[in-house]
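Everything below concerns the one structure shown next.
No value in this document is a laboratory result; all are computed from the given coordinates. Just so we're clear, the structure is a prediction, and the values are computed from it rather than from any experiment. Cβ placement follows ideal geometry from the backbone for every residue including glycine, while neighbour counts extend to all protein chains displayed.
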Amino acid sequence: GDSVTQMEGPVTLSEEAFLTINCTYTATGYPSLFWYVQYPGEGLQLLLKATKADDKGSNKGFEATYRKETTSFHLEKGSVQVSDSAVYFCALPRSYNTDKLIFGTGTRLQVFP
Amino acid sequence: DAGVTQSPTHLIKTRGQQVTLRCSPKSGHDTVSWYQQALGQGPQFIFQYYEEEERQRGNFPDRFSGHQFPNYSSELNVNALLLGDSALYLCASSLRPNTEAFFGQGTRLTVV
């Protein structure tokens, strides 16, 4: 069945460092892909999305490119801040339903000043 | 505009008991989905309600049931609680089925 695999965390970085969180997926066809973020004590927030192959989603300095050749959707940010410390989830829709999602296990990011 | 609200925020129950969690969707949204997030894991889809009916269900036993009311709010019920049911339960609402999901802050359930 469809699934998402994320790199294990925690990822620990100093402020202003470059961030990459890897995500690969297994799916039939070319579904939309999402990154959600969960700040401490909060629910999930949609960070960015891409709806078709080669699309680049971006938001708040974060970017991810939908690569169908490598079935990947890696999350990147050029310069992280302490406020980016959170858990990041890669996700894809169940049977193309964008409100019924399959999530990865999450990657915790810790940024230190 | 209030987002998705869930109650209670925290709950402690004993094995074998029953629990009811509540969710009010974002204003204008008529579709509610429930997820279970175990510690250190990603959320797992439980089921979705639309037009007061369960529309799709994930791989969860019948001990998990739900309801949607005419005002679109929803309840998640879990019977015969097990220790393994301890998790963060997230509610998400969407404008209609198959549109972007907006998540609440969740209810932390601890079964002892």
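Percent relative contact order of chain A, based on C-alpha pairs within less than 8 angstrom and at least six residues apart? Intermediate values should be presented prior to the final figure.
On the way: 295 pairs, mean separation 40.5, N = 113.
Relative contact order for chain A comes out at 36 percent.
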Problem - Listed residue (A:Tyr39, A:Phe73, A:Ser58) projecting farthest to the positive dipole end of region A:26-113, Cβ model - result: A:Phe73
Exercise for the section: Could you count how many Lys pairs in chain A have their Cα atoms under 20 Å apart, skipping same-chain pairs fewer than 8 positions apart? Expected result: 9
Completion exercise
For the pair A:Tyr96 and A:Ser58, the simple spin-label estimate (label points 7 Å beyond Cα toward Cβ) gives in nm 2.9 nm
Handout entry: Cα centroid of region B:73-112 to Cα centroid of region B:10-43, whole Å
Key = 2 Å
Exercise for the section: Order by neighbour count: B:Arg15, A:Arg94, fewest other Cβ atoms within 10 Å first, most last. Expected result: B:Arg15, A:Arg94
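When a/c reaches 1.5 or more, the comparison of a/b and b/c decides; with that in mind, is the protein assembly as shown rounded, prolate or oblate per its Cα gyration tensor? It would help to have the intermediate numbers written out before the result.
Working: a/c = 1.83, a/b = 1.46, b/c = 1.26.
Prolate shape, in that a/c is at least 1.5 and a/b is the bigger ratio.
May I ask for the net charge around A:Ser85, where only other residues with Cβ less than 11 Å from the Cβ of A:Ser85 are counted and Lys, Arg are +1 while Asp, Glu are -1? Let's see the in-between values first.
Numbers: positive: A:Arg108; negative: A:Glu15, A:Asp84.
In short, -1.
How big is the charge dipole of region A:2-102 about its Cα centre, in debye rounded to the nearest 20, if each Lys and Arg gets +1 on its Cβ and each Asp and Glu gets -1 on its Cβ? Please list the in-between numbers first.
Working: 9 positive and 12 negative charges, 74 e Å.
Charge dipole, region A:2-102, about its Cα centre: 360 debye, nearest 20.
Other chains' Cβ within 10 Å of A:33-46 residues: what's the mean?
Numbers: counts 0, 2, 0, 4, 0, 8, 0, 0, 4, 4, 15, 12, 3, 4.
Partner-chain Cβ atoms within 10 Å, mean over residues of A:33-46: 4.
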Fill in the blank from the handout: Note: A:71-77 gets an average of partner chain Cβ contacts (10 Å, Cβ to Cβ) equal to 0
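Mind checking region A:8-113 for GluC sites (Glu not before Pro) that DSSP puts in a loop (not H, G, I, E or B) and that have at most 16 other Cβ atoms within 10 Å? Present the calculation step by step, with values, prior to reporting the outcome.
Working: sites: A:Glu8, A:Glu15, A:Glu16, A:Glu42, A:Glu63, A:Glu69, A:Glu76; in loops: A:Glu8, A:Glu15, A:Glu16, A:Glu42, A:Glu69.
Those satisfying the criteria are A:Glu8, A:Glu15, A:Glu16, A:Glu42, A:Glu69.
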